[in-house]
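Undergrad: Dropping a structure here in structure tokens format, bear with me for questions.
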Amino acid sequence: MSYGFAAINTSGQTIISDEMENLHFLGKATLTGNDGGNYGDFPGYGGANDTLDGRVIFTYTITATAPPLVFIKPSDYNRWHAIITQSNSGSTWTFDVIASGTSTSDAPELYCFVNANSTSGTTSTHGLVVWKPDGTTRTFDSRYNPLAISDGGTLAPPLDPTDGSGLPGNTSGHSWNYATNDHDFRSTTRYTSSAVTGTYSALMFAAPSLAQATYKRQMEGYKKSTWCCASCCGHCLCSSSQEHWSTAMWWVMYRNTFRLRSGYMDAGWTNYAAGYSFSSSHEGGGWFGGGGGSYSSGSMPYTAKTINLTSNAYIIADATRYG
Amino acid sequence: MFLNHINDGKDYLDFEVKFPDLLVADDWLNDPRIKNRMFMANKQRVFLDGKVIIIGGWFSGNFSTEKKPTYIGEAVDGSFIILFEKNETDPLFKWRGVITELPSNTKKIINYESSRALRLGVGNLNTGTNYEEYDRAPSVNMWLGRSWIENEHEELYFLVESREMLDEVATYYGLPVPYDDEMKVVLDNNLQSIRFKSYDLNNEGEGNFVAVVVASITFVNDTATTLKLYETTRWNE
């Protein structure tokens, strides 16, 4: 480059140039609602190990002429967060943010950043503006609060999202209608960490939630009632039987979520959906004597596994720099 | 009165021989895979005011793996028969009854649902209701379910834990006890022998199942009108 503009730091890294587009603060997305919170426990189930972490889906919108980079600034730093969907209709961008717990209070704030040329509206006449060689496209505009990244790295959550020992699975040999969950599906201890600096209560993060997981605990029950259907001289000449079957199954789907706490950035899990199904049947039917039925509060989205498990890049910034 | 005479194991086994008319009348009994193999494994009697008003049972094709059990019942006074068919709207009670009134052949449907307490006890399901909005006798500890015939009546079923409990329920509603002298002896000395089923209601595992003996209160326009006792016996017991 024989002409132009470049600002280079003491490490030789380009901070501003007339070719590289910097991100600038567009504004905070508007909270438009939430889904009321759900899955603090297994729907329809009332036995042991019923408790889940729960989650709320908060929805936000913002107007942007270019795809925004979105940071989550928690209002409650004990909660886990992640953006789980992002879509646009024209210049209206919509984000769904998952937060652990079922409280609809303390919604996080979303700080949105776009490239310099997509910012508009300022009347300030002072500052530094850098254009591309075309003379019309801004790469940097100090009037819109450029993004300053304070930390970053990569993180992946652990493969097993459940607090219970090992991954849950199927077992048979239970008594008929046995339906007591023995696996802890919460995720409070399931995370990996990376050190960060700064006053955490001022920090915000941007990280993609790519990993998902679905796991289930299934118990098969059985009982066989046998009786003599004909006898003679004290001996059973033939026997008959009535078989009983039952299946109890608990499943949870998780999304990768993140948490900022003092000194650390954590990658963990939050349950997105859950279900319980129970079926009981036996030979015969009617009048309290037989048949049986089934119940299900939903079905697993896919077979039990963790998918998209990879190290995610995350970046952290100080939210107090932005309005 | 096809079922009135089924009193012992032999009659259970000889059912098809004794009642060929019923064999002709119902297709399920003409199934070649089970014909000549039918027997009645469970028998049920419904008591009201000290009398048996309905007799029914579970018929099973025996001596074969191709079992095709069916429940059927009839009123002792010949006013109706009832057949049960699959209906999968309830987590536990997967059937409904089709009542055929005689001699008009008018058909009515009786629907069944399990209670929240029974669902919790059987499958740790916390759905359903325990019918708190009904006038429930306080001596009952567990309401099992409800049946209803549209625009006619509702019936709340409860767990009978003793003969004294039945007496208290009768007193509460001002209704006669359902059992006769013979059944009173059974209720006092061998209550579990008339269970309809055993369930692990207390989550204590096999061997500790609760013998579920059933009685019911019928409500017509929110007024309790009858107290019934459901007796289930196994022909081998």
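Rule-based calculations on the coordinates, nothing more; no lab input. Everything numeric in this text was worked out from a predicted model, so none of it was measured. For neighbour counting, all protein chains shown are included, and Cβ atoms are generated from backbone atoms with ideal geometry for every residue, glycine included.
Undergrad: Could you work out the mean count of beta carbons from other protein chains within 10 Å of each residue's beta carbon in B:83-90?
TA: That works out to 3 on average.
Undergrad: Can you sort A:24, A:174 by how many other beta carbons sit within 10 Å, fewest first?
TA: Ranked by crowding around the Cβ, least crowded first: A:174, A:24.
Undergrad: A follow-up question, please. List A:184, A:53 from most exposed to least, where exposure is judged by having the fewest other Cβ atoms within 10 Å. Display every interim value, and only then the final one.
TA: Numbers: A:184 17, A:53 23.
Neighbour counts put them in this order, fewest first: A:184, A:53.
Undergrad: Want the number for residue B:192 to residue B:108: 0.36 nm per residue separation, take away the alpha-carbon distance, what's left? It would help to have the intermediate numbers written out before the result.
TA: Values: separation 84, 0.36 × 84 = 30.24 nm, distance 3.21 nm.
Extra length from residue B:192 to residue B:108 when fully extended: 27.0 nm.
Undergrad: While we're on this one: Skipping prolines and chain starts, which residues have an amide H placed within reach, meaning under 5 Å, of the one on residue A:269, given they are 5 or more residues away or on another chain?
TA: A:257
Undergrad: Along the Cα→Cβ direction, 7 angstrom out, place labels at residue A:195 and residue B:204. What is the inter-label distance in nm?
TA: For the pair residue A:195/residue B:204, the computed spacing is 5.8 nm.
Undergrad: Given 0.36 nm per residue, what is the gain on full extension from residue A:172 to residue A:264 after removing their alpha carbon distance, in nm?
TA: 28.9 nm
Undergrad: At 0.36 nm per residue, and after removing the present C-alpha to C-alpha distance, how many nm does the segment from residue A:218 to residue A:150 gain when stretched out fully?
TA: On the way: separation 68, 0.36 × 68 = 24.48 nm, distance 4.58 nm.
Answer, rounded to one decimal: 19.9 nm.
Undergrad: Quick one: what are the phi-derived ³J(HN,Hα) couplings along region A:35-45, Karplus 6.51/-1.76/1.60 with θ = phi - 60°, whole Hz, x for glycine and proline?
TA: Each residue of region A:35-45 in turn: 8, x, x, 6, 6, x, 7, 6, x, x, 10 Hz.
Undergrad: Explain nothing, just the number: dipole magnitude of the protein assembly as shown about its Cα centre with +1 on each Lys and Arg Cβ and -1 on each Asp and Glu Cβ, in debye rounded to the nearest 20.
TA: Values: 43 positive and 61 negative charges, 334 e Å.
The calculation lands at about 1600 debye.
Undergrad: Whole-Hz Karplus ³J(HN,Hα) for region A:274-279, in order, using 6.51 cos²θ - 1.76 cosθ + 1.60 and θ = phi - 60°, x for Gly and Pro?
TA: Rounded to whole hertz, the list is 7, x, 9, 10, 9, 9.
Undergrad: Given a Förster distance of 41 Å, report the FRET efficiency between residue A:69 and residue A:165 from their Cβ-Cβ distance, rounded to the nearest 0.05.
TA: Computed FRET efficiency for residue A:69 and residue A:165 comes out at 0.55.
Undergrad: Let me ask something else. Quick check: pseudo-label points 7 Å beyond the Cα along Cα→Cβ at residue A:225 and residue B:181, how many nm apart are they?
TA: Spacing of the two 7 Å Cα→Cβ label points: 3.1 nm.
Undergrad: Something else now. Rounded to the nearest 0.05, what FRET efficiency is calculated for residue A:19 and residue A:202 with R0 set to 41 Å and r the Cβ-Cβ distance?
TA: 0.80
Undergrad: Right, something else. Explain nothing, just the number: dipole magnitude of chain A about its Cα centre with +1 on each Lys and Arg Cβ and -1 on each Asp and Glu Cβ, in debye rounded to the nearest 20. Don't skip to the end; give the middle numbers.
TA: On the way: 18 positive and 23 negative charges, 6 e Å.
Using Cβ point charges on Lys, Arg, Asp and Glu, chain A gives about 20 debye.
Undergrad: Here is a further query. Roughly how far apart, in whole Å, are the Cα centres of region B:89-121 and region B:165-211?
TA: Region B:89-121 and region B:165-211 have Cα centres separated by 21 Å.
Undergrad: If R0 is 51 Å, what FRET efficiency do you get for residue B:88 and residue A:31 from their C-beta distance, rounded to 0.05?
TA: E between residue B:88 and residue A:31, to the nearest 0.05, is 0.75.
Undergrad: Arranged from highest to lowest average of other beta-carbon atoms within 10 Å per residue, in what order do the peptides A:258-271, A:7-20 appear?
TA: Details: A:258-271: 21.3, A:7-20: 11.8.
Packing proxy ranking, top to bottom: A:258-271, A:7-20.
Undergrad: Shifting gears a bit: How do B:157, A:295 rank when sorted from fewest to most other Cβ atoms within 10 Å of their own Cβ?
TA: The order, fewest Cβ neighbours first, is A:295, B:157.
Undergrad: Also, I was wondering about something else. Name the residue, out of A:27, A:152, A:36, whose mean-square fluctuation peaks in a Gaussian network model built on chain A with Cα pairs under 10 Å.
TA: Fluctuation is largest for A:36.
Undergrad: Within a 10 angstrom radius of each residue's Cβ in B:192-198, how many Cβ atoms of other chains show up on average? Whole number is fine. Intermediate results must be reported in sequence, preceding the final value.
TA: Details: counts 0, 0, 0, 1, 4, 6, 3.
Going residue by residue through B:192-198 and averaging, the value is 2.
Undergrad: Related question: With +1 on the Cβ of every Lys and Arg and -1 on the Cβ of every Asp and Glu, and nothing else charged, how large is the dipole of region A:1-116 about its Cα centre, in debye rounded to the nearest 20?
TA: For this selection, approximately 140 debye.
Undergrad: Show me, for region B:95-102, the HN-Hα J-couplings you get by feeding each phi into the Karplus relation (A = 6.51, B = -1.76, C = 1.60, θ = phi - 60°), rounded to Hz, glycine and proline as x.
TA: Running phi through 6.51 cos²θ - 1.76 cosθ + 1.60 with θ = phi - 60° gives 7, 9, x, 10, 8, 10, 6, 10 Hz.
Undergrad: Which entries of A:224/B:184; B:43/B:108; B:86/B:107 have Cα-Cα distances beyond 19 Å here? Provide the component values of the computation, followed by the final result.
TA: Working: A:224/B:184 31 Å; B:43/B:108 23 Å; B:86/B:107 16 Å.
Checking Cα-Cα distances, A:224/B:184; B:43/B:108 exceed 19 Å.
Undergrad: Students often get this wrong: which residues of region A:1-37 have the backbone nitrogen under 17 Å from the point 7 angstrom along Cα-to-C-beta of residue A:124?
TA: Those under the cut-off are A:16, A:22-28.
Undergrad: Rg and Dmax of chain A, Cα atoms, in Å?
TA: 27.9, 113
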